[in-house]
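S.K.: Mind looking over this structure? Questions follow.
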Amino acid sequence: MTATEPMNHSATSPPSFLRTWLIWTAATLVFPLAGLAGTAVAGRVDNALSALTGGAIVGLIIGIAQAALSRRRLDPRRWIPATTIGMSLGLLVGAATVDYRTSITDLMLMGAITGLLLGVAQTAALPHRTRSRWIWAAAMPVVWALGWAATTLIGVDVGAQFTVVGLSGALTVCALSGLLLHDLLPYRPAAGPRPAGTPVGVTA
């Protein structure tokens with residue numbers, strides 16, 4: 001007969017999905033700061049240079065925040081440059097494609113193109129253990145299109161040609177990408193040492 005040790009679930013169980021997801025979604029608060037920084041340096045997104053420069057600044061700040069809030073699932077040495085480059089090129093191509101217009105249809109298309117290039121760059125930066133990594137690249141166009149739709153529908157003055165989605169759009173992007181990241185790259189806490197004196201089992 002084997003008797004196993006009693007388990008203290010509150011002490012040994014991994015953090016809940018909800019906690020990990022909420023920590024990632026907290027990056028929502030960084031998006032407005034990134035947008036302000038991008039606009040301060042590059043101005044309105046109404047030409048190629050402003051889109052490229054503003055996108056790079058926004059991507060850098062968002063990449064830093066996401067890497068920091070990923071609970072060590074993402075390598076900042078790969079994720080931050082990938083997000084910076086992807087966002088910069090994505091905004092450049094996306095904004096030019098819609099000729100810098102800001103209707104909801106134009107912004108959703110711009111968001112989809114931005115998300116496509118950003119998603120491809122970030123997919124290359126995902127850890128090797130990520131399962132079905134291509135799903136990330138396929139989902140980002142939809143996620144960012146929905147982010148711009150949320151920003152527009154809530155009444156933000158998108159005619160100001162911002163570098164990134166507003167707070168409602170940021171919440172949409174972070175919430176959806178957090179769900180996806182958990183599915184593709186679940187959080188696994190580092191295994192700690194077994195408490196001293198805890199029996200593994202008693203055999204008889």
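Every number in this text was worked out from the coordinates using simple rules, so none of it is lab data. No experiment lies behind these values; they were computed from the predicted model shown. Cβ placement follows ideal geometry from the backbone for every residue including glycine, while neighbour counts extend to all protein chains displayed.
S.K.: Over what distance in Å are the Cα centres of segment 55-113 and segment 115-187 separated?
M.R.: Going from one Cα centre to the other spans 8 Å.
S.K.: Hey, what angle do you get for helix 134-153 against the long axis of the chain, alpha-carbon based, 0 to 90 degrees rounded to 10?
M.R.: With rounding to tens, the tilt is 60 degrees.
S.K.: Round to the nearest 10 and give me the degree value, 0 to 90, for the angle of helix 104-125's Cα axis relative to the longest principal axis of the chain.
M.R.: 40
S.K.: Using Cα-only point scatterers and the Debye equation, what is log10 of I(q)/I(0) for segment 16-187 at each q in 0.12, 0.14, 0.16 Å⁻¹, rounded to two decimals?
M.R.: -0.45, -0.62, -0.82
S.K.: Can you sort H128, H182 by how many other beta carbons sit within 10 Å, fewest first? Working shown, then result.
M.R.: Working: H128 5, H182 15.
So the residues, fewest neighbours to most, are H128, H182.
S.K.: I need the trypsin sites (Lys or Arg not before Pro) found in segment 111-180, filtered to DSSP loop residues with at most 13 other beta carbons within 10 Å of theirs. Intermediate results must be reported in sequence, preceding the final value.
M.R.: Values: sites: R129, R131, R133; in loops: R129, R131, R133.
Passing sites in segment 111-180 are R129, R131.
S.K.: If the elastic network links every pair of Cα atoms under 10 Å, which of F162, F17, F31 fluctuates the most in the Gaussian network model of the chain?
M.R.: Checking each option, the largest mean-square fluctuation is seen for F17.
S.K.: Further, regarding this structure: Among V93, I113, A68, which residue has its Cα positioned farthest towards the positive end of the charge dipole of the chain, with +1 placed on the Cβ of Lys and Arg, -1 on the Cβ of Asp and Glu, and the dipole taken about the Cα centre?
M.R.: Farthest along the dipole direction, towards plus: A68.
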